[in-house]
Each structure stands twice: as structure tokens, then as C-alpha cells.
Amino acid sequence: MTAVGAGAPPGPGAAIPEVPASAWEQALRELSEAGFDCLDFLTAVDRGHCRQVIARIRRSADWQAAMVSTQVAAAAPVLASATGVFPGASWHERETAEMFGIEFEGLADSRPLLLRAQPAKPPLLRGEFLPARVARPWPGAAEPEVGADGRRAGNPSRRRQRPLGVPDEPAQGRP
Amino acid sequence: MMTPEPAHGAIGLDPQACTSCMLCVRECPTWCIELGSHTEEVSDPGARRPRTVNVLDSFAIDYGLCMYCGICIEVCPFDALAWSPDAADPTADPGGLVLGIDQLRGWFATPSDS
Ligand code: SF4
Ligand code: SF4
């Protein structure tokens, strides 16, 4: 395999090199052998049909960063644990497991990390509403001198702004 | 161990450059920026009508919620926000990580190179 993303640090919007899920551990091992010895982070993104798992690894010699990603099917989100290569991946995998519902095979520590109780569905999947988003007022609603009717002084046609991804009717956000 | 550069320790604000446009507040994924402002009329010499300008009253970032994504810095059209290599001091006080203009202004004076 060619060095995944070794060299230039991937900037915003840069495509992250992808390997098949079956080659995930091997890809991480090759990076580690190439001097990328420091796991920066590991996380996931819900892509709908699949969940993308992303790792960023740095080389402590010069702090160059490499990124690598893989996809697991949403219907069977299982992936080999990175802890065999980077023991520090344990924390990130525990978080990714509880937030995105991904099972890491070989992860020795499966204690919950951030959530007191695991909700029925992992909270960071796109279809889930975050209750705190419904309960808490959005700071972005503030306007200079907004009237009591929610319209801006001096520009009565302007409607009050709404936060992205939060349902208009609070009740819709409740599971 | 050397600190990886560029250091993203905290976010500094230049209150003079901020126009209270609310873009950063609305784009922040964790809703951790709170901004207060009001409008004032300014009469320019020679202008027929006074202009309305936003005046910044308060600006606070809750570093207990901030995830250092930098989106606020990216979206600010007026370069009023910048990374600082300094970091927010730890505190045992609940709410002690909500830092206002005085603190954020100090961090703008020492922006990191990115
Ligand atoms: S860095 Fe991200 S989380 Fe922190 S204040 Fe800016 S937009 Fe919000
Ligand atoms: S985006 Fe910039 S100018 Fe607009 S409110 Fe935020 S800091 Fe101020």
C-alpha cells in the first residue's frame, strides 16, 4: 500500500485516503512502521448508508500528520480495533462506539466513556435529535434590538433566524 | 515533548474589528459563543440620512463547551477572531470557563502564526 496521506498535512476539504475495512489494522500498522507513532484522534462520521471511521496520526519526529479512513456498513458497523497498533486508541474507540454505535473487535475496554446511560440509539447518528438542542435557547437567535415579536427593529420583514438541524416544533425533537 | 505547531490554545477577539454580524455565533457547532449588541445611529458629515451601526456590548466563549474546531475563526468576515497559543486557565468554578471580552481581547494581541 502506498503511504496513506504521508507528507503534506491534509488541509480542510482534502480527501482522506481510504482503505477497505479488512485492511484497516494493516494500514495503521504500516503508518506506525513509517514513523507515524502518535495517534492524534480516531472518530467516525455518519454517511447514511455507511459510517466512515477516520484516524489522524502524527510523526513525533517532525509532527507531520497522516490521515486514513475506512467505511463500515450501517447495517453491520463492526471494525477491527486499532488498539493492537496504538494502545491509546482505546479512549477514542470507546467514545466512537457509544456515539456512533460502532463495534470495535478486539477493544479490551468496553466501559461507557461519556454517557451515563447508553440511549436506545447512538446520539451522534444524523437521524437522532439531541435533547439539549431543543431544551436550550440558541445563542444565534439574538439580534441587535429585536422586538418582542421576534422581528428586527427597522427591518420588519426579516424573520427570526433558526438554528440548522433543529426542528421548528420542539415536540418533533423528542424521541 | 515539543508542542505541535500551530498551537490552537484559545481564541482571541478584536472587539474593534467585530461588527456583531453573528456569523460565528450561528455557525459554532456547540453553541458556545454568546454575543450581545445594540444598534446606534451615526450621522456622517454630508450624508443625507444617518447610518445604523451595530455596537458590540458583550462577547463570551464558553471554553467548557468549545471544541477548538476553529469554525468561528474561519467564518468571521472581518478577521476579528484568531488563534492564540495561550490556553484558558483551569478552574474549579462552574461557569469559570465562560470568558468575556476582556480576556479574549488579551488573546488577540498574541495570535499564533496560523
Ligand atoms: S472553535 Fe468551534 S466550538 Fe469553539 S467557539 Fe469556535 S466555532 Fe465554537
Ligand atoms: S463573525 Fe466576526 S465580526 Fe461577526 S460577530 Fe463573530 S467575531 Fe464579530
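The values are calculated or read from the model by the stated rules, or taken from the named source; none is laboratory data. Remember, it's a predicted structure, so these values are computed and weren't measured experimentally. FYI the Cβ positions are ideal-geometry reconstructions off the backbone, even for glycines, and counts take in every protein chain you see.
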Can you say whether A:G84 is at pLDDT below 75, assigned to a loop (DSSP other than H, G, I, E, B) and either surrounded by fewer than 18 Cβ atoms within 10 Å (Cβ to Cβ) or in contact with a strand residue (DSSP E or B) (Cβ under 8 Å, 6 or more places away or on another chain) (or both), as far as the supplied structure shows? no
Residue check, B:G64 within 14 Å of chain A (Cβ to nearest Cβ) and either over 17 Å from A:G140 (Cα atoms) or assigned to a loop (DSSP other than H, G, I, E, B) (or both): yes
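Just to be sure, is B:H8 of a type outside the set (A, V, I, L, M) and surrounded by fewer than 17 Cβ atoms within 10 Å (Cβ to Cβ)? Full working, then the answer.
Details: of a type outside the set (A, V, I, L, M): yes; surrounded by fewer than 17 Cβ atoms within 10 Å (Cβ to Cβ): no.
The answer is no for B:H8.
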State whether the residues of the stretch B:41-48 include one that is over 19 Å from A:G140 (Cβ atoms), within 16 Å of ligand 2 (Cβ to nearest atom) and in a strand (DSSP E or B). no
Say whether the condition of being in contact with a strand residue (DSSP E or B) (Cβ under 7 Å, 6 or more places away or on another chain), at pLDDT below 95 and among the hydroxyl-bearing types (S, T, Y) is met by at least one residue in the stretch A:57-74. yes
Some residue of the stretch B:17-38 being more than 23 Å from A:L164 (Cβ to Cβ), more than 16 Å from ligand 1 (Cβ to nearest atom) and not in a loop (DSSP other than H, G, I, E, B): yes
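Quick one: is B:V75 near ligand 1 (Cβ under 10 Å from one of its atoms), touching a Gly at 6+ places or on another chain (Cβ under 6 Å) and not charged (D, E, K, R)?
Working: near ligand 1 (Cβ under 10 Å from one of its atoms): yes; touching a Gly at 6+ places or on another chain (Cβ under 6 Å): no; not charged (D, E, K, R): yes.
Answer is no for this residue.
Have a look at A:P163, A:P137 and point out the one that is within 14 Å of another protein chain (Cβ to nearest Cβ), at pLDDT 55 or above and loosely packed, with under 11 Cβ neighbours inside 10 Å. Outline the logic, then answer.
On the way: A:P163 fails: loosely packed, with under 11 Cβ neighbours inside 10 Å.
Among A:P163, A:P137, only A:P137 is within 14 Å of another protein chain (Cβ to nearest Cβ), at pLDDT 55 or above and loosely packed, with under 11 Cβ neighbours inside 10 Å.
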Taking interchain pairs and intrachain pairs at least six residues apart, which have beta carbon atoms under 6 angstrom, with the first residue in the stretch B:74-86 and more than 10 Å from B:C24 (Cβ to Cβ) and more than 14 Å from chain A (Cβ to nearest Cβ) and the second within 12 Å of ligand 1 (Cβ to nearest atom) and outside any strand (DSSP E or B)? B:W83/B:H8; B:S84/B:G9; B:P85/B:G9; B:D86/B:G9
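From B:F78, B:F108, grab the single residue that is at pLDDT below 95, under 12 Å from the mean Cα position of the chain (by Cα), under 26 Å from A:P144 (Cα atoms) and not small (G, A, S). Before the answer, list the steps.
On the way: B:F78 fails: at pLDDT below 95.
Result of the check over B:F78, B:F108: B:F108.
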